[in-house]
Amino acid sequence: MSRKYTELVARLVKIEPRAGFEIEIHETLVALKVRTARVHTMLFGGGALLGLGVSVTVGVHLHQFFAQSGFYQYLVLIFSGDGVVYALWRQLLLALIDSVPVVTAALFIASIMFLLWTSMQTVVSVRKLSLASV
């Protein structure tokens, strides 16, 4: 039994890879890395385009909500001068409280847009790093 293992090991030691085998392995790994980077970029890019389309639609609706709530008129009053704010502070405060849900939605959408922007920056930097090592 021991002799058969010795013969097998002796035969395995004599086996050498064919010429260019290491280069083929390296090229296969590089092609796999490029294909993976391409798929990741397409998936994140598709998600970003979808998110951008949705955010534009939501932004249009949010603008309509702001226009209907009268928030812009009170925003103009805030920046028009101190005397107007002091004279109409109760109405201004009530109007701002009425528009809090709209402002909350705007802040939420802004945070989603920020996350979308940072994720796209991450995808671009990862793609550059993955293709730079090729």
Stretched fully, the stretch from TRP89 through GLU16 gains (0.36 nm per residue minus C-alpha distance, one decimal, in nm) 17.5 nm
To test your reading of the geometry: what angle, between 0 and 90 degrees and rounded to tens, separates the Cα axis of helix 21-69 from the longest principal axis of the chain?
10
Mean separation of Cα contacts under 8 Å, 6 or more apart, over the residue count of segment 2-132: relative contact order %
39
By how many nm would the segment from SER80 to THR118 grow when fully extended, if each residue of separation counts as 0.36 nm and the alpha-carbon distance is taken off?
10.1 nm
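When the helix-only estimate is applied to the chain (DSSP H runs of n ≥ 4, each -39,500 (n - 2.57), divided by the residue count), what is the mean residue ellipticity at 222 nm, nearest 500 deg cm²/dmol?
On the way: 6 runs with 121 residues, N = 134.
After summing the helix terms and dividing by residue count, I get -31000 deg cm²/dmol.
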Can you put ARG127, ARG90 in order, fewest other beta carbons within 10 Å first?
ARG90, ARG127
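Each value in this text was obtained by applying a stated rule to the coordinates, not by laboratory testing. Note that this is a predicted model, so its numbers are computed, not measured. Counting neighbours? That spans all protein chains shown, and the Cβs are built from the backbone with ideal geometry, glycine included.
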